[in-house]
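Enquirer: Below is the structure I would like to discuss, written out as structure tokens.
The values are calculated or read from the model by the stated rules, or taken from the named source; none is laboratory data. This structure is a prediction, so every number in the text was calculated from the model and none was measured. Backbone-built Cβ (ideal geometry, glycine too); neighbour counts: all protein chains shown. Just so you know, the surface numbers come from the protein's heavy atoms only, side chains and all, with ligands and any DNA or RNA stripped out. Shrake-Rupley method; radii C 1.70, N 1.55, O 1.52, S 1.80 Å.
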Amino acid sequence: MTRATPLPPDERRAAIIAATRPLVLAHGADISTKQIAEACGLAEGTLFRAFPNKDAILHACVDDMLAPGPLVAAIARIDRSLPLEGQLAEAVDLLLESGRQIVGVFAVLHPKRGPGERPAEPKHPAHDDDKQAWSERRSAPIEALTRLIEPHAAALRTDVPTAVAFVRGLVFSATFPLTADERLDAPTLTDLICRALIKET
């Protein structure tokens, strides 16, 4: 039997991050290296040839989930020939997934620890990021959503920046643990957003 060719180190790390991300979204930082290895289809020892420890894997997931590039690219790929309602529906799906990832990020940055347990070391650098750094992470998705909605400005009940803020705020509230509700699914949110923003014809 021919043995599979090992992945290059960067591809191995990327595959581990991709397999770990759903676990982080489901369980936060409260996951084991055994769970991660099973999700990756690897032995635990193989994980530690790519990362020094579990916290390093979690921190790499944080970096991946904070990066705005994939969301920006996905918004840019939305078919502009669709009616505004259809474009907003696709944007809502993307923003919901992004919001869930941000919640997952905070679960890793602020994990629940048992009595006497030490916090994760080393801390993820995002702990110490200033407001400017977080603002820069927000700005690219805002700009992408603005480019999506701006051509339809005449059809809106409000100005484009307010519409963008409304869409982002409503969708994020549906993913934030204190305000999330299963009734606020993507179709419902899209319907509410369209009714609120688009003028009647």
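Enquirer: Just need a number here: residues in segment 77-95 that are in a helix (DSSP H, G or I) and open to solvent by 10 Å² or more (accessible area, probe 1.4 Å).
Expert: Final tally of qualifying residues: 8.
Enquirer: Moving on to the next point. Going by the structure shown, is Val105 over 24 Å from Leu192 (Cβ atoms) and either crowded, with 16+ Cβ neighbours inside 10 Å or at pLDDT below 90 (or both)?
Expert: yes
Enquirer: For segment 150-183: of the residues being touching a residue at least 60 places away in the same chain (Cβ under 8 Å) and closer than 23 Å to Arg80 by Cα, which is most open to solvent (accessible area, probe 1.4 Å)? Break it down stepwise before answering.
Expert: Of the residues in segment 150-183, the ones touching a residue at least 60 places away in the same chain (Cβ under 8 Å) are 151-152, 155, 167-168, 171-172, 174-177.
Subsequent filtering for residues that are closer than 23 Å to Arg80 by Cα retains 151-152, 155, 167-168, 171.
Details: Pro151: 101, His152: 46, Ala155: 41, Val167: 1, Arg168: 68, Val171: 2 Å².
Only one residue fits best here, namely Pro151.
Enquirer: Here's a follow-up. Would you say Ile17 is closer than 23 Å to Arg137 by Cα, assigned to a loop (DSSP other than H, G, I, E, B), of a type in the set (Val, Ile, Thr) and in contact (Cβ under 8 Å) with a residue 24 or more places away in the chain? Don't jump to the end; show me each part of the working.
Expert: On the way: closer than 23 Å to Arg137 by Cα: yes; assigned to a loop (DSSP other than H, G, I, E, B): no; of a type in the set (Val, Ile, Thr): yes; in contact (Cβ under 8 Å) with a residue 24 or more places away in the chain: yes.
Considered against the rule, which asks whether it is closer than 23 Å to Arg137 by Cα, assigned to a loop (DSSP other than H, G, I, E, B), of a type in the set (Val, Ile, Thr) and in contact (Cβ under 8 Å) with a residue 24 or more places away in the chain, Ile17 comes out as no.
Enquirer: Among the residues of segment 24-34 satisfying the criterion of being more than 21 Å from the chain's Cα centre (by Cα) and either aromatic (Phe, Trp, Tyr) or part of a helix (DSSP H, G or I) (or both), which is nearest to Leu58 (Cα to Cα)?
Expert: Step by step, filter segment 24-34, then rank; the result is Thr33.
Enquirer: All but one of (1) at pLDDT below 85; (2) closer than 16 Å to Ser98 by Cα; (3) hydrophobic (A, V, I, L, M, F, W, C); (4) over 15 Å from the mean Cα position of the chain (by Cα) hold for Ile78; state the number of the condition that does not hold.
Expert: Looking at each condition in turn, Ile78 falls short on (1).
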